[in-house]
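K.L.:
Below you will find the structure I want to go over with you.
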Amino acid sequence: MWHAGDVSQSDSFPDFKIPHAEKIEWMIETSGWALEPVAPKYDSDPPCGAYAYTIGLPASHRFPDIVVFGLTPVATKGIVELVVEQLAHGVEVPLDTVLVGLLDNDLRCVFAEVDTQAHVDLFETAAKWYRGRPFEMVQLVWPDRDGWLPTESGFDASLTFAQPIIANRSWENT
């Protein structure tokens, strides 16, 4: 019978410490894109909730990288996979336009363009990956449980911290 004290942890498990840049490179090589989760920053001004963003979509799918605030990395990955699947099948996903059909229950969403130069501090890993060259990013703006988008008067105000809008708001008039 094996006992926890029989083998030291260093003897039984390989070292999985891989440099972060190598993890990003591996994800891009295997999937065509990587997902970078970012923990909330409560000490910033203003505070910033958790978010995740892609790296590599422009090269692999001719679509800007995507940032999603307020959802878990697993949920973000699932949504990005849906988008990638649509792009792979030749679907043109419009930017700065309210869309219906991507999310369940015909909930609306928007892929709104982000000024990455103004928000480069939010995308440190992407900036390193692109070696300081300009890169495109869109924010997936998602609705609350009642279907309201964050810029609409009915939106659940308790979600404002979770989903700040850093993208342009030209889609509000559509």
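K.L.:
Can Ile18 be described as modelled with pLDDT of 60 or more and either touching a strand residue (DSSP E or B) at 6+ places or on another chain (Cβ under 8 Å) or in a helix (DSSP H, G or I) (or both)?
P.N.:
Values: modelled with pLDDT of 60 or more: yes; either touching a strand residue (DSSP E or B) at 6+ places or on another chain (Cβ under 8 Å) or in a helix (DSSP H, G or I) (or both): no.
Criteria not met by Ile18.
K.L.:
How many residues does region 45-63 hold that are small (Gly, Ala, Ser) and under 17 Å from Gly32 (Cβ atoms)?
P.N.:
Let us first name the residues in region 45-63 that are small (Gly, Ala, Ser), namely 49-50, 52, 56, 59-60.
Filter again for under 17 Å from Gly32 (Cβ atoms), leaving 52, 56, 59-60.
Selection size over region 45-63: 4.
K.L.:
Please go through region 18-66 and pick out each residue that is under 17 Å from Glu113 (Cα atoms) and not β-branched (Val, Ile, Thr).
P.N.:
Let us first name the residues in region 18-66 that are under 17 Å from Glu113 (Cα atoms), namely 51-58, 61-66.
Matches in region 18-66: Tyr51, Ala52, Tyr53, Gly56, Leu57, Pro58, His61, Arg62, Phe63, Pro64, Asp65.
K.L.:
Condition test on Pro94, is it over 16 Å from Ala50 (Cα atoms) and crowded, with 18+ Cβ neighbours inside 10 Å? Give the steps one after another, and end with the answer.
P.N.:
Values: over 16 Å from Ala50 (Cα atoms): yes; crowded, with 18+ Cβ neighbours inside 10 Å: no.
So Pro94 does not fit the description; no.
K.L.:
Sticking with this one: From the set of residues in region 36-77 that are among the small types (Gly, Ala, Ser) and within 22 Å of Thr160 (Cα to Cα), which is nearest to the chain's Cα centre (by Cα)?
P.N.:
The initial filter retains those residues of region 36-77 that are among the small types (Gly, Ala, Ser), namely 39, 44, 49-50, 52, 56, 59-60, 70, 75.
Then drop every residue that is not within 22 Å of Thr160 (Cα to Cα), which leaves 39, 44, 49-50, 52, 70, 75.
Values: Ala39: 12, Ser44: 20, Gly49: 13, Ala50: 10, Ala52: 4, Gly70: 10, Ala75: 10 Å.
Taking the candidates together, the pick is Ala52.
K.L.:
Among what's in region 74-124 and is among the polar types (S, T, N, Q) and part of a loop (DSSP other than H, G, I, E, B), pick the residue that is nearest to Val141 (Cα to Cα).
P.N.:
Just the residues of region 74-124 that are among the polar types (S, T, N, Q), to begin with: 76, 86, 97, 105, 116-117.
Next, from what is left, pick out any that are part of a loop (DSSP other than H, G, I, E, B): 97, 116-117.
Values: Thr97: 11, Thr116: 16, Gln117: 19 Å.
Filtering first and then ranking leaves Thr97.
K.L.:
Do the conditions hold for Val138, that is, is it over 15 Å from Thr54 (Cβ atoms), under 14 Å from the mean Cα position of the chain (by Cα), touching a residue at least 40 places away in the same chain (Cβ under 8 Å) and not in a loop (DSSP other than H, G, I, E, B)?
P.N.:
Details: over 15 Å from Thr54 (Cβ atoms): no; under 14 Å from the mean Cα position of the chain (by Cα): yes; touching a residue at least 40 places away in the same chain (Cβ under 8 Å): yes; not in a loop (DSSP other than H, G, I, E, B): yes.
For Val138, the condition - over 15 Å from Thr54 (Cβ atoms), under 14 Å from the mean Cα position of the chain (by Cα), touching a residue at least 40 places away in the same chain (Cβ under 8 Å) and not in a loop (DSSP other than H, G, I, E, B) - is not met.
K.L.:
Filtering region 37-75 down to residues that are surrounded by fewer than 19 Cβ atoms within 10 Å (Cβ to Cβ) and hydroxyl-bearing (Ser, Thr, Tyr), which residue is nearest to Pro150 (Cα to Cα)?
P.N.:
Looking at the filtered set, the residue picked out is Thr72.
The values are calculated or read from the model by the stated rules, or taken from the named source; none is laboratory data. Because the structure is predicted, anything quoted here is derived from the model rather than measured. Every residue, glycine as well, gets a Cβ built from its backbone with ideal geometry; the counts of neighbours run over all protein chains shown.
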